[in-house]
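Derivation of every value follows stated rules applied to the coordinates shown; laboratory data play no part. These numbers come from a predicted model, not from an experiment. Because the Cβ atoms are built from the backbone with ideal geometry, glycine has one as well, and the counts that use them run over all protein chains shown.
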Amino acid sequence: MNDAELIRRDLAVLWHPCTQMHDHQSLPLVPVARAEGVWLHAHDGRRWLDAISSWWVNLFGHGHPRIAGAIHAQLDRVAHVMLAGVTHEPAVGLAEDLLEAAGAPFARVFYADNGASAIEVALKMSFHAWRNAGETARTRFIAIEGGYHGETLGALAVTDVALYRDTYAPLLHSPRFAESPAPRAGETPEQAAQRAADALDALLARHAGETCAVIIEPLVQCAGGMQMHDPEWLRRVRAACDRHRVHLIADEIAVGFGRTGSLFAHQQAGIAPDFLVLSKGLTGGFLPLAAVLTTQSVYDAFYAEYATRRAFLHSHSYTGNPLACAAARATLAMFRDEPVLERNRSLAESMREAMAALAELPHVANIRQCGMIAALDLVRDRASGSQFAWQERRGLAVYRHAIAHEALLRPIGNVVYCMPPYAITTDEIQHMVRIARDGILAATRDLRPTSVVVGSASFDPAALEI
C-alpha cells in the first residue's frame, strides 16, 4: 500500500472527527499501516510515538498480546448477541470485575457503546430515579465551568467548552455551571478547592430541590485544557451533594484506569460518587465500550412491576458486546496481576523530570501533572500572562513539528500535553518531551501574528483541536 494513495482515497470519501477538513489541503494525514507498543507505523517506514494514547484510549500499548488474545478467544465463541433478555459470560464477568475494582457502594453496571452515550445514561438515570421517587421538580443538572462530557446533545449540554457548545445551544437543555476548582492566578490548589466548593455549596443551597445531580471530572478537566485540581475539592463536593440530597456523577471516561495514579481518580479523595462513568481505557484501546456503575438504591428506584412503567428504557444495539467485554476483562486482569500503578508512578516521575526542563522556555507557563498526564500552556508573555490569539494556532505548529519528527502530539488549542500509553520507556519519554520542546521553540520563534483563520473575536479556543 502506498501512503500517498491511501491519503488521496481518504480525502475523496471520509469526513474526519473534530476536524476542519479544509486544513487537509496543506496538513497531511498520518497514514497508519500498523501499530505496536507506543509506535504508529506508516507503510513507507516512517513512525510516530503515540504521545496521546490515540485520544486517551490506549493503556498498555498498541497490539498488546494479552488483550488481543482475549478477543481472539472470544471470536471462537460468540462475537455479538443482544443483551436484552440474553446473558453471556463476558458481560457478567466484566460487571463483576468492575464492581470488585470500584468497591462499595457500587452494585450495578449498565453498559453503553462510548463515553458520551454513557454520560447520557447517567443523566437520564439520575433524572428518572428522582422521578420514580416522586420528586418531579428535579429537572436540572449542575456542571462545572470548563468541563467536557461529550458531544451528543445531553452530554454536550453539561459541557462548558464554547467551541463545541455554542453552535448547538438552541438544541440543549440548560444546566447551571459552578465555578471550576482549577487554581486561578495567585491561588494555591487548596485555596481553589475551597473557593470552588463554597460556590457550589451556595448554588446547591439555592437550587437543590430542582437539581438531579452534579457532574464532575475528578482531578483533571481534560478536553477543557488539562485543568487540574486538588482532591480536597472532591471531598467537599461529595459532602455538599449529601447535604443537599443530590446525586454525584463522576465522569472518569478519560481519567480512569490508572491515568491519575490510582485505578479510579475519585479514590484519591476517599469518596465515591452515585454514578461512575467509564470508557476509553476500559478495553485498553482495542474496542468501543462504556459502563455506568451505580448503587443499589438507584437500581431499586426502577425495580417494580411492569405496569408501574418505572423501567429504565434505554438501549444500544451493541450493549455489552462480548468481544469488547472480553478485551475489558483482560485489561482489568492486568491491573490485578501486574504492578501497573507502581510502574506508572515511576514513569510519571520520569515525565515530571523531563517536563521540568521546559520551564526555562520563555513562552511556557503553568507546567502541571497528574499521574500519567502532563501539560503546559503556550503564552505570548509569561510575566504579564498575555496569551497567543487563538487564530494563530500555535498549538497546531507544535503538532506539525512533532509529526515531522516522529511523534503524534495534538495540543488542545495552546495547551501542549502528553498522555502516553503505559508501555512507554524512559528513553521514549525523553524522545517525546524533546520533540515537544523543539516544537514549542519552532512555534514561538516568531512572535509576529501568524496567518489567522477567519472567526469571531469572542470564539473560545479552549479545545481548538484535540
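I'd like the Karplus ³J(HN,Hα) series for segment 167-184: coefficients 6.51, -1.76, 1.60, θ = phi - 60°, whole numbers in Hz, and an x wherever there's a Gly or Pro. Those phi angles translate into 4, 9, 3, x, 9, 9, 6, 10, x, 9, 10, 9, 4, 6, x, 5, x, 8 Hz. Scattering from segment 252-369 was approximated by placing one identical point on each alpha carbon and applying the Debye formula without solvent; log10 I(q)/I(0) at 0.23 1/Å stands at -1.31.
Listing 38, 109, 13 from the residue with the fewest other Cβ atoms within 10 Å to the one with the most, what is the order? Can you show the working numbers first?
Values: 38 26, 109 21, 13 6.
The most exposed by this proxy come first: 13, 109, 38.
At q = 0.10, 0.13 Å⁻¹, what base-10 log of I(q)/I(0) does the Debye formula yield for the chain when every alpha carbon is treated as an equal point scatterer in vacuo? Listed by q, the Debye log ratios stand at -0.75, -1.30. When shorter helices are ignored and each DSSP H run of at least 4 residues is given -39500 (n - 2.57), the per-residue value for the chain at 222 nm works out to -11000 deg cm²/dmol.
Expressed as a fraction of 2.2 N^0.38 Å, the rule-of-thumb size for a compact globular protein of N residues, what is the C-alpha radius of gyration of segment 342-409? Walk me through the intermediate numbers first.
Values: Rg = 13.7 Å, N = 68, 2.2 N^0.38 = 10.9 Å.
Taking N as the residue count of segment 342-409, the ratio is 1.25.
Using unit Cβ charges (K, R positive; D, E negative) and no other charged atoms, how large, in debye to the nearest 20, is the dipole of segment 66-337 about its Cα centre? Before the final figure, lay out the partial values.
Details: 23 positive and 28 negative charges, 72 e Å.
In total the dipole reaches around 340 debye.
Backbone amide hydrogens, once placed in the peptide plane, bring residue 146 within less than 5 Å of 160, excluding anything fewer than 5 places away on its chain.
Order of 422, 299, 168, 399 from fewest to most other C-beta atoms within 10 Å? Please list the in-between numbers first.
On the way: 422 24, 299 15, 168 12, 399 21.
Ascending Cβ contact count within 10 Å gives the list 168, 299, 399, 422.
Rounded to the nearest Hz, the phi-derived 3J(HN,Hα) couplings of segment 280-286 under the Karplus curve 6.51 cos²θ - 1.76 cosθ + 1.60 (θ = phi - 60°) are 6, x, 3, 9, x, x, 9, where x marks glycine and proline.
With unit charges on the beta carbons (Lys and Arg positive, Asp and Glu negative) and the dipole taken about the Cα centre of segment 174-327, which residue among 324, 312, 293 sits farthest to the positive side? Selected residue: 312. Among 207, 149, 72, sorting on how many other beta-carbon atoms sit within 10 Å of each Cβ, with the fewest leading, yields 72, 207, 149.
Looking at the chain alone, DSSP beta bridges between its own residues are antiparallel in about 65 percent of cases. Note on segment 66-337: dipole from Cβ charges, positive end direction compared against 79, 173, 143; the farthest Cα belongs to 173. Coupling constants for segment 375-382 follow from the phi torsions by the Karplus curve (6.51 cos²θ - 1.76 cosθ + 1.60, θ = phi - 60°), and in residue order they are 8, 8, 9, 8, 10, 5, 9, 5 Hz; glycine and proline get x. With the dipole of segment 66-337 worked out from charges on the C-beta (+1 for Lys and Arg, -1 for Asp and Glu) around the Cα centre, which of 226, 208, 248 lies farthest toward the positive end? Going by the charge dipole, the pick is 208. Size descriptors for segment 66-337, from the alpha-carbon set: Rg then Dmax equal 18.4, 59 Å.
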